[in-house]
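Peer 1: One structure follows; several queries about it will come next.
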Amino acid sequence: MRASSRGQTGAVGQTAVTGQFEKLGWGVAPNPTQHDLGTDLWLQARDDRGFDLGALVGAQVKSGPSWFQHPSSGRDGLPPGWWFRDSDDRHAQYWTNHRVPHLLVLHDTDCDRSYWVHVTADAIISTGNGVKIHVPESNTVDAGHYDDLVRVAVGNREGYQWEGSAWRGGATVSRSDRLRYALLTPRLIAPHPNLSVSELSPESALALLVKMRLHDLDSTNPRETKVPSIEEAQSSDEWAWQLYAATYGVVVDGDGTEALSLLIDTAGSPFERAAAASIACALLVERGEPDRALELASQVVEGDDCEPADHAWLLTHIARCFAELGRFEEASEKALKVQSMQGLPALRS
């Protein structure tokens with residue numbers, strides 16, 4: 001039996017587009033044909049270091065010369081490109097109503113180039129007998145449009161709502177996120193003042209320290225939650241308690257940052273390293289040592305093993321260090337990099 005030429009062309013296009021996204025480092029999975037209502041491929045967005053961003057994109061691929069028969073003209077005020085026409089708007093509704101953002105990709109089999117557009121409600125134009133969508137010639141699937149494609153994947157997603165949220169000491173926060181939450185959003189990790197807790201975790205103790213609830217950290221007060229003394233925390237086998245003790249020493253007792261710097265090297269996990277470096281950076285900048293802070297943060301970033309949220313956290317500190325040192329162009333570059341990552345799930349909290 002002879003295969004359909006249209007089906008063959010479609011398969012060639014999907015294979016080509018798969019390869020183009022894989023060259024960007026993204027994960028690609030074909031949608032089973034029996035469930036294909038308007039999605040050919042599922043794209044797993046990854047950052048430029050290869051870390052998964054927890055963001056999924058659907059793609060509908062149209063291949064062959066028939067999809068390039070309706071070029072846009074200069075009279076319509078749009079850049080060069082092509083019109084995709086949907087006679088009954090069924091596909092357009094599917095793409096815009098889907099919870100996952102969708103790309104429409106036109107693949108030119110002659111030059112092996114693919115052109116894409118993010119299908120949003122604003123991109124859809126009624127024709128009276130259906131709809132049409134403009135696919136710009138400038139939007140190619142390649143490294144030059146990597147940042148634009150990542151923005152489609154992570155942008156405009158509803159963030160977490162913490163207004164009126166109950167304080168449960170971070171019971172629902174993953175272990176790899178708890179230190180960052182304790183330092184950036186301590187209310188979510190520190191026990192509520194009216195909540196009785198038999199024993200504090202080191203992350204909760206750090207959150208209390210950030211909020212300067214020092215009375216709750218008084219180990220000599222039998223009425224309060226049990227917390228180790230600073231000496232006990234310093235000698236603890238648990239690295240996070242050592243981090244708490246070193247931070248307490250700088251913030252409350254006025255010690256130097258040497259203990260924090262050492263903890264960067266002894267951390268057992270990338271997220272622990274990021275937390276120690278972030279604390280040390282913030283305190284060193286406050287003490288007028290942005291050059292030393294920049295050195296510490298840069299060493300951890302160059303290790304290139306931090307998850308995207310912690311990587312962005314460290315880049316923020318590096319941007320601040322550059323600004324403090326008067327290196328404003330470099331500060332702006334790092335800040336813009338973090339800004340482009342703002343849609344990541346872990347950054348929306």
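The values are calculated or read from the model by the stated rules, or taken from the named source; none is laboratory data. For clarity, every value in this text was computed on a predicted model and none was experimentally measured. Don't worry about glycine lacking a Cβ; one is built from the backbone with ideal geometry, like all the others, and counts go over all protein chains shown. Side chains included, ligands, DNA and RNA excluded: accessible areas come from the protein's heavy atoms. Shrake-Rupley method; radii C 1.70, N 1.55, O 1.52, S 1.80 Å.
Peer 1: What residue among Leu206, Leu37, Leu24 has the largest mean-square fluctuation in a Gaussian network model of the chain, using Cα springs under 10 Å?
Peer 2: Leu37
Peer 1: Also, I was wondering about something else. How far, in degrees from 0 to 90, does helix 239-251 lean away from the longest principal axis of the Cα atoms of the chain, to the nearest 10?
Peer 2: Helix 239-251 sits at roughly 70 degrees to that axis.
Peer 1: Can you compute the label reach from Ser174? Point 7 Å from Cα along the Cβ direction, backbone N cut-off under 15 Å, restricted to segment 298-323.
Peer 2: Answer for this model: 306-312.
Peer 1: What's the FRET efficiency of Leu56 with Val251 using the Cβ-Cβ distance as r and R₀ = 51 Å, to the nearest 0.05?
Peer 2: Working from the Cβ atoms, E equals 0.80.
Peer 1: Also, I was wondering about something else. Quickly estimate the mean residue ellipticity at 222 nm for the chain, helices only: each DSSP H run with n ≥ 4 gives -39500 (n - 2.57), and the total goes over all residues, rounded to 500.
Peer 2: -12500 deg cm²/dmol
Peer 1: Please list, in order along segment 254-271, the HN-Hα scalar couplings obtained from phi with the Karplus expression 6.51 cos²θ - 1.76 cosθ + 1.60 (θ = phi - 60°), rounded to whole Hz, x for Gly and Pro.
Peer 2: Once θ is set to phi - 60°, the couplings for segment 254-271 become x, 6, x, 9, 4, 4, 5, 4, 5, 5, 4, 6, 8, 4, x, 9, x, 5 Hz.
Peer 1: Pop the C-beta distance of Ser138 and Glu258 into the FRET formula with R0 = 56 Å and round what comes out to the nearest 0.05.
Peer 2: That pair, Ser138 with Glu258, gives E of 0.60.
Peer 1: State, to one decimal in nm², a quarter of the convex hull surface area for the C-alpha atoms of segment 1-147, i.e. the direction-averaged projected area.
Peer 2: 9.9 nm²
Peer 1: In whole Hz, what ³J(HN,Hα) sequence does segment 206-211 give by Karplus (6.51, -1.76, 1.60; θ = phi - 60°), x for Gly and Pro?
Peer 2: So the J values, rounded to whole Hz, are 4, 5, 5, 5, 4, 7.
Peer 1: Taking a label point 7 Å from the Cα of Thr15 along the Cα→Cβ vector, which residues of segment 88-127 have an amide N closer than 18 Å to it?
Peer 2: Within reach of a label on Thr15, which here means backbone N under 18 Å from a point 7 Å along Cα→Cβ, segment 88-127 contributes 107-114.
Peer 1: GNM, the chain, Cα, under 10 Å: largest mean-square fluctuation among Ser114, Ser278, Ser332?
Peer 2: Answer for the Gaussian network model of the chain: Ser332.
Peer 1: Probe radius 1.4 Å, ligands and nucleic acids ignored: give me the carbon and sulfur share of the accessible area of segment 39-151 as a rounded percent.
Peer 2: Taking all protein chains in place, segment 39-151 shows 46 percent carbon and sulfur surface.
Peer 1: Would you please give the residues with an amide H less than 5 Å from that of Val173, counting only those at least 5 places away or on a separate chain, with H modeled from the backbone geometry?
Peer 2: Answer set, sorted by chain and number: none.
Peer 1: Using unit Cβ charges (K, R positive; D, E negative) and no other charged atoms, how large, in debye to the nearest 20, is the dipole of the chain about its Cα centre?
Peer 2: My answer is approximately 1380 debye.
Peer 1: Give me the 1.4 Å probe accessible area per residue for the chain, excluding ligands and nucleic acids, in Å².
Peer 2: On a per-residue basis, 52 Å².
Peer 1: How high is the relative contact order of the chain, in percent, counting Cα pairs under 8 Å that sit 6 or more residues apart?
Peer 2: Relative contact order for the chain comes out at 11 percent.
Peer 1: Hey, another quick one. Once amide H atoms are placed 1.01 Å from N in the peptide plane, what residues at a sequence separation of 5 or more from Asn139, or on another chain, have their amide H within under 5 Å of its amide H?
Peer 2: Trp116
Peer 1: Show me the ranking of peptides 58-64, 91-97, 253-259, 241-247 by mean Cβ neighbours inside 10 Å, starting with the highest.
Peer 2: 241-247, 58-64, 91-97, 253-259
Peer 1: Along the Cα→Cβ direction, 7 angstrom out, place labels at Asp89 and Arg75. What is the inter-label distance in nm?
Peer 2: Rounded to a tenth, the inter-label distance reads 2.5 nm.
Peer 1: Restricting to the chain, compute how many DSSP beta bridges are antiparallel as a %, nearest 5.
Peer 2: Percent antiparallel among DSSP bridges in the chain is about 80.
Peer 1: Which angle from 0 to 90°, rounded to the nearest 10, does the C-alpha axis of helix 290-303 make with the longest principal axis of the chain?
Peer 2: Roughly 50 degrees, rounded to the nearest 10.
Peer 1: If you don't mind, there's one more thing I want to ask. Can you run the Rg to Rh ratio on the chain? Use alpha carbon positions and the Kirkwood inverse-distance Rh.
Peer 2: So for the chain, dividing Rg by the Kirkwood Rh gives 1.10.
Peer 1: Please state the relative contact order of segment 1-148 as a whole percent: Cα pairs under 8 Å, 6+ residues apart?
Peer 2: Here the relative contact order equals 21 percent.
Peer 1: Could I ask something else about it? Please determine, in degrees from 0 to 90 and to the nearest 10, the orientation of helix 5-23 with respect to the longest principal axis defined by the Cα atoms of the chain, where the helix direction is its Cα long axis.
Peer 2: For helix 5-23, the angle is close to 30 degrees.
Peer 1: Select from Gln14, Ala240, Gln69 the residue farthest towards the positive end of the dipole of the chain; place +1 on Cβ of Lys and Arg, -1 on Cβ of Asp and Glu, and compute about the Cα centre.
Peer 2: Gln69
Peer 1: 7 Å from Cα along Cα→Cβ at both Leu37 and Gln299: what's the point-to-point distance in nm?
Peer 2: Taking the two extended label points, one gets 5.4 nm.
Peer 1: Over the chain, with a Gaussian network built from C-alpha contacts below 10 Å, which listed residue (Asn139, Asn129, Asn31) shows the highest mean-square fluctuation?
Peer 2: Asn129
Peer 1: Could you sort out which of Lys132/Lys334; Lys211/Lys337; Lys226/Lys337; Lys211/Lys334 sit more than 31 Å apart by Cα distance in this structure?
Peer 2: Flagged as over cut-off: Lys132/Lys334; Lys226/Lys337.
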